[in-house]
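Worksheet: the structure to be examined is printed underneath.
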Amino acid sequence: MSKITIFRQACKGVEDCGICIFVCPKQVLIGSDEMNEVGYLPPQVKDESLCTGCQNCMISCPDFSIVVEKDASKPAAERGEEDG
Amino acid sequence: MSVSAHPFRRYMRNHVTRTTTCPGCGNGIITQAILRAIDELGLDMDDFIFVSGIGCSAWIPSPLFAADTLHTTHGRPIAFATGIKLCLPEKNILVASGDGDLAAIGGNHLIHAARRNIDMTVVLVNNGIYGMTGGQTAPTTPRGLTTITSPHGTLEHTFDICAMVAAAGASYVTRWTTYHPRQMTRSIKKAIVKKGFALVEAISQCPVQFGRAAKLGKAVDMLKHFKENSIRIDKARNLDEEALKGKIVVGEFVDIEKAELASEWARLKQEVMEV
Amino acid sequence: MGRGKKIMTGTHFMMGNLACAEGAIAAGCEFVSGYPITPASEVVNRLAKRLPEVGGIFLQTEDEIAAICSAIGASWAGQKALTATSGPGISLMQENIGFAVATETPLVIVDVQRLGPSTGAPSVGLAGDMVQVARGSHGDYQIVALCPESPQEMFDLTVRAFHLAEKYRVPVFLLADAFVGHMREQVIIPEEKQLEIESRKIPKGGNDPMDRQDFLSVDVAPMPVFGRGFKAHVTSSCHDEHGMRNLSDPEVMHRYISRPIDKILNHRDDIIQVEADYSGASIVLVSYGTVGRSARAAAHLAQAQGLRTGNVRLITCWPFPDREIRQVAESVDFIVVLENNRGQLYPYIKAEAAHACRIELLGPETLGQIHDPEYILARIREMIK
Amino acid sequence: MTRTELTIAGVGGQGSILAGTVLGSAAVTYDGKYAVQTQAYSSELRGGYAATWVVVSDEPVVFPRVTRPDILMAQAQDSINRFSHTLKPDGILIVDSDMVPTPPDNIGHIFRIPATSIARNRLKAPVTANIIMLGALCRVRRVVSREALEKAIVDAVSKEQEQLNLDAFNLGFEAVREPMD
């Protein structure tokens with residue numbers, strides 16, 4: 001299974017940003033009501049088992065707030081890394 | 001938590017803990033694309049000199065990157081970078097700055113650096129507006145858009161920066177949006193490796209100024225707009241002007257090999273000194 | 001190997017602008033950028049040929065703005081750099097002159113001054129930029145400016161300009177004019193070991209700016225030049241001693257403006273050169289640049305006619321030699337300021353002298369032509385009647 | 001007083017400024033004297049005015065401007081109009097008589113040298129008129145020695161043009177029948 005880490009303090013919140021939620025093909029991430037120290041609402045992981053490890057959220061995060069460690073056992077195609 | 005920090009933290013200055021951008025700004029996506037390109041090429045930050053001008057995107061490398069960074073005057077980063085490259089030809093020079101900086105006030109330097117084909121990578125962040133100064137019309141603002149300084153809609157045509165830089169003679173010219181971070185990363189890698197002037201135009205969202213002016217909504221809505229309106233250059237070639245209206249043509253426009261200025265200087269010095 | 005000769009030791013009959021170019025090469029300059037402009041063009045024309053012979057680079061830029069920016073870039077890349085222009089080019093460079101001051105960048109800027117704005121009278125020498133070089137950029141700052149009176153000094157003071165630029169990490173101007181730039185005269189180029197050229201200090205090591213204090217020292221900090229792993233953060237934005245941006249702390253702002261000024265003013269005795277010859281004089285002619293030669297000739301004439309007349313020539317015009325002027329004023333009765341303009345340094349000189357002696361400005365009989373010594377003498381006789 | 005002031009003038013392209021440079025260079029480099037040369041020219045490089053001023057002295061030159069020349073060498077009528085009134089009362093005027101057919105008659109000493117026709121007819125090289133004039137100057141008044149001038153001419157021209165210019169200098173020298181020195 002892929003592993004998602006959210007650095008809450010670096011995040012600028014899903015209200016005005018939320019790009020991670022938008023680019024996730026499997027709706028792994030959702031909003032939350034829990035503020036970080038500067039008042040933003042970082043996302044939370046709804047169901048990590050749905051994560052394919054595509055890293056879209058990590059690559060598109062403007063604030064270096066998400067790290068996704070890929071499940072090395074799955075090939076890239078299966079992880080659904082988009083290359084539009 | 002299985003990781004204690006983002007892997008790219010190692011490319012950032014220790015004391016700089018946060019990016020200096022508004023929530024949802026595209027600058028951070030482009031910042032990561034630059035660092036990912038350097039990471040995937042296996043290069044070190046000390047192999048680079050980063051140069052930027054003035055504007056929000058001028059803060060992509062400065063102060064964030066743990067490297068030599070030169071934050072210059074408005075419009076002039078390419079001119080500064082030219083002097084640096086000629087004196088440190090073995091280093092990679094990466095300029096990151098905005099459309100107002102590089103294509104409006106600094107347009108002349110952009111043209112002439114492309115003409116000289118001096119080896120540097122220019123990541124031009126195009127958000128279509130002056131963000132930092134409060135949302136004024138830029139040369140890149142879509143015609144008709146209402147902004148602070150075009151309250152009745154802009155009357156002017158929009159600048160096609162890639163076409164201009166290609167015409168001026170650059171070795172490598174490409175355009176992507178922040179909806180294409182993987183493609184952008186690949187292009188930045190090619191641009192860094194390319195011996196010559198390489199332009200990566202990064203169409204980016206400014207949800208605070210542009211998003212409001214264009215009534216495009218928030219960052220996510222703007223990314224959705226990029227997704228729906230981007231069209232690859234190979235497809236765009238077959239379409240007429242009407243069909244391309246409002247579209248963002250993305251892809252590689254130029255990828256050629258030609259004599260590069262810093263190498264030509266090395267050759268010339270060798271020749272003249274040996275006479 | 002036929003490597004080009006770096007220093008053309010010997011006696012030459014040489015144009016001032018070419019002597020300046022040779023001075024730059026002798027001082028170890030290896031990067032020059034410029035945009036053609038009369039009457040400065042011969043400086044870069046010569047360097048375009050000479051620099052590659054000694055391993056350097058000349059870049060003809062798209063405009064004067066690019067010229068100064070690329071020279072500043074070259075300086076941060078570790079080279080001794082120069083750009084050359086005339087008044088209108090200085091006007092275009094002004095923003096980045098301020099940048100060079102704020103980033104404490106060693107740089108030599110040659111200004112071969114001319115008459116009038118824009119096209120003006122491009123080949124006529126006139127000291128038109130005396131104030132704009134020192135006060136023309138935004139903010140508050142100090143630069144160094146040296147005024148040559150002869151092709152020999154075009155060489156000597158170019159070498160000194162590099163020495164001071166590197167020693168104090170500051171832009172140094174060579175304030176020539178068309179008259180001396182295009183003048184040919186004997187120029188003696190000494191042997192390399194006779195030239196006094198200090199090169200900038202570079203830090204010993206360290207790759208975290210937070211561990212160093214490379215910025216804003218009034219005693220001139222070593223310069224963390226690019227490409228050596230210093231991870232230098234260079235910005236003209238308000239910054240602290242680490243070079244890091246700080247726009248919120250008023251004390252940092254105070255230091256950011258004050259220290260580069262104090263750096264120059266605290267070392268003014270090392271920087272300021274004044275040629276003084278007025279012992280026993282009651283009248284002193286104060287001048288700078290080519291007019292200094294008129295003044296000296298006029299003083300000889302005056303002395304021959306029994307007028308106790310002396311001379312003070314400002315070789316360094318900026319930082320302004322305030323104490324030196326004050327000292328003259330307090331020991332003579334009358335100062336006549338000779339300038340080839342309508343009085344650019346006069347207000348500064350008057351401010352230091354008016355409390356102690358009479359002071360008058362005397363321009364040349366025709367602007368753009370340096371004063372005829374007989375004209376000076378005739379006017380002095382009228383003034384003291 | 002060892003100071004000699006000269007004005008050399010013509011129209012752009014005649015080589016007046018080069019003649020002044022050669023003169024100053026000869027004085028400094030080969031005669032051990034002091035010299036200052038200054039110049040002025042119009043922005044059109046051919047056909048406008050061109051003038052150079054040279055001060056030659058046995059001592060360092062303090063005041064570098066020529067205000068009352070001892071010698072005016074005029075290669076064009078325009079030069080007469082501009083500068084003949086500046087000549088010292090007993091000054092010397094050397095004219096290219098092809099270009100200045102009627103020089104003013106109120107001048108102490110006038111030398112008429114048909115420099116342009118000598119250059120055209122005898123050397124087939126009109127551009128050498130300035131060096132012919134320099135040869136004449138050398139005969140009229142030894143401001144600088146003949147040997148020094150010849151060496152400075154060799155320094156100033158390309159190898160291929162060396163003999164032509166030395167011939168021109170010699171023809172100018174011979175064209176003066178009654179030198180002053």
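The values are calculated or read from the model by the stated rules, or taken from the named source; none is laboratory data. It should be emphasised that the depicted structure is a prediction, and the values quoted were computed from it without experimental measurement. With ideal geometry, Cβ positions are generated from the backbone for all residues, glycine too; neighbour counts draw on all protein chains shown.
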Exercise. If you take the residues of the stretch D:112-141 that are more than 12 Å from the chain's Cα centre (by Cα) and without any contact (Cβ under 8 Å) to a residue 40 or more places away in the chain, which of them is nearest to D:T2 (Cα to Cα)?
Worked result: D:R112
Seminar exercise, completed: Residue count, the stretch C:1-45, condition of a type in the set (V, I, T) and touching a helix residue (DSSP H, G or I) at 6+ places or on another chain (Cβ under 6 Å), comes to 5
Problem set entry | Residues of the stretch C:308-333 satisfying the condition of being out of contact with any helix residue (DSSP H, G or I) (no Cβ under 7 Å at 6 or more places or on another chain) and under 22 Å from C:A378 (Cβ atoms) | C:R308, C:V332, C:D333
Problem set entry | Members of the stretch A:15-39 that are within 9 Å of chain B (Cβ to nearest Cβ) and either in contact with a Gly (Cβ under 9 Å, 6 or more places away or on another chain) or loosely packed, with under 15 Cβ neighbours inside 10 Å (or both) | A:E15, A:D16, A:C17, A:G18, A:I19, A:I21, A:V38
Exercise. Can you tell which of C:P250, C:P224 is closer than 30 Å to B:T20 by Cβ, out of contact with any Gly (no Cβ under 7 Å at 6 or more places or on another chain), surrounded by fewer than 16 Cβ atoms within 10 Å (Cβ to Cβ) and not small (G, A, S)?
Worked result: C:P250
Problem set entry | Residues satisfying the stated conditions in the stretch C:273-310, i.e. assigned to a loop (DSSP other than H, G, I, E, B) and crowded, with 20+ Cβ neighbours inside 10 Å | C:Y278, C:A281, C:G289, C:T290
For this session: Take C:S86 and decide whether it is buried (at least 24 other Cβ atoms within 10 Å of the Cβ) and closer than 24 Å to B:A114 by Cα.
Result: no
Exercise. If the Cβ limit is 7 Å and pairs must be 6+ apart or interchain, which residue in the stretch C:354-367 that is assigned by TED's automatic domain parsing to the domain that holds C:S294 and without any contact (Cβ under 8 Å) to a residue 60 or more places away in the chain pairs with which residue that is buried (at least 17 other Cβ atoms within 10 Å of the Cβ) and among the acidic types (D, E)?
Worked result: C:L361/C:E339; C:G363/C:E339; C:E365/C:D372
Problem set entry | Selection status of B:T174, crowded, with 19+ Cβ neighbours inside 10 Å, more than 14 Å from chain A (Cβ to nearest Cβ) and of a type in the set (S, T, Y) | yes
Seminar exercise, completed: For the stretch C:56-72 the number of residues that are within 19 Å of C:F226 (Cβ to Cβ) and facing chain B (nearest Cβ under 7 Å) is 7
Problem set entry | Sole exception among (1) within 10 Å of another protein chain (Cβ to nearest Cβ); (2) part of a strand (DSSP E or B); (3) among the hydrophobic types (A, V, I, L, M, F, W, C) for D:L23, by number | (2)
Seminar exercise, completed: Of the conditions (1) within 14 Å of another protein chain (Cβ to nearest Cβ); (2) touching a residue at least 24 places away in the same chain (Cβ under 8 Å), the single one that B:V165 does not satisfy is (1)
For this session: Give the residues of the stretch B:235-275 that are in a helix (DSSP H, G or I) and either at the interface with another protein chain (Cβ under 10 Å from one of its Cβ atoms) or within 21 Å of the chain's Cα centre (by Cα) (or both), sorted by residue number.
Result: B:L261, B:A262, B:W265, B:A266, B:L268, B:K269, B:Q270, B:E271, B:V272, B:M273, B:E274
Exercise. Can you pull out the residues in the stretch B:109-122 that are within 11 Å of chain C (Cβ to nearest Cβ) and β-branched (V, I, T)?
Worked result: B:I111, B:I118
For this session: Please specify each residue of the stretch D:26-58 satisfying the condition of being more than 12 Å from chain C (Cβ to nearest Cβ) and on the phi > 0 side of the Ramachandran plot.
Result: D:G47
Problem set entry | Residue check for C:S75: within 14 Å of chain B (Cβ to nearest Cβ), crowded, with 24+ Cβ neighbours inside 10 Å, closer than 22 Å to B:A113 by Cβ and in contact with a Pro (Cβ under 7 Å, 6 or more places away or on another chain) | yes
Problem set entry | Count of residues meeting criterion [among the basic types (K, R) and out of contact with any Ser or Thr (no Cβ under 9 Å at 6 or more places or on another chain)] in the stretch D:1-46 | 1
Seminar exercise, completed: In the stretch C:254-275, residues that are under 27 Å from C:G368 (Cβ atoms) and either in contact with a Pro (Cβ under 8 Å, 6 or more places away or on another chain) or hydrophobic (A, V, I, L, M, F, W, C) (or both) total 1
Problem set entry | Conditions (1) over 23 Å from B:A81 (Cβ atoms); (2) facing another protein chain (nearest Cβ under 7 Å): number failed by C:I37 | (2)
Exercise. Condition test on C:V252, is it assigned to a helix (DSSP H, G or I) and closer than 30 Å to B:P61 by Cα?
Worked result: yes
Exercise. Would it be correct to say that C:A121 is touching a strand residue (DSSP E or B) at 6+ places or on another chain (Cβ under 7 Å) and crowded, with 22+ Cβ neighbours inside 10 Å?
Worked result: no
Exercise. Among the residues of the stretch A:66-84, is there at least one that is at pLDDT 95 or above and in contact with a Phe, Trp or Tyr (Cβ under 8 Å, 6 or more places away or on another chain)?
Worked result: yes
Exercise. Out of (1) modelled with pLDDT of 95 or more; (2) touching a Phe, Trp or Tyr at 6+ places or on another chain (Cβ under 9 Å); (3) of a type in the set (G, A, S), what's the single condition that is false for A:G18?
Worked result: (2)
Exercise. Out of the stretch C:361-383, which residues are part of a helix (DSSP H, G or I) and in contact with a Phe, Trp or Tyr (Cβ under 7 Å, 6 or more places away or on another chain)?
Worked result: C:P373
Exercise. Of everything in the stretch B:223-234 that's within 20 Å of B:T140 (Cα to Cα) and more than 10 Å from every other protein chain (Cβ to nearest Cβ), which residue is farthest from the chain's Cα centre (by Cα)?
Worked result: B:E228
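Yes/no per residue for (1) in a helix (DSSP H, G or I); (2) under 21 Å from C:S70 (Cβ atoms); (3) in contact with a His (Cβ under 6 Å, 6 or more places away or on another chain):
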| position | (1), (2), (3) |
| --- | --- |
| C:C20 | yes, yes, no |
| C:I25 | yes, yes, no |
| C:C29 | no, yes, no |
| C:V32 | no, yes, no |
| C:T38 | no, no, no |
| C:N45 | yes, yes, no |
| C:K49 | yes, yes, no |
For this session: Scan the stretch B:15-35 for residues that are more than 7 Å from every other protein chain (Cβ to nearest Cβ) and either more than 24 Å from B:I203 (Cβ to Cβ) or part of a helix (DSSP H, G or I) (or both) and report the count.
Result: 7
For this session: Only helices (runs of 4 or more DSSP H) wholly contained in the stretch A:1-80 count here; list those with 3 or more residues that are touching a residue at least 24 places away in the same chain (Cβ under 8 Å).
Result: A:19-23, A:56-60
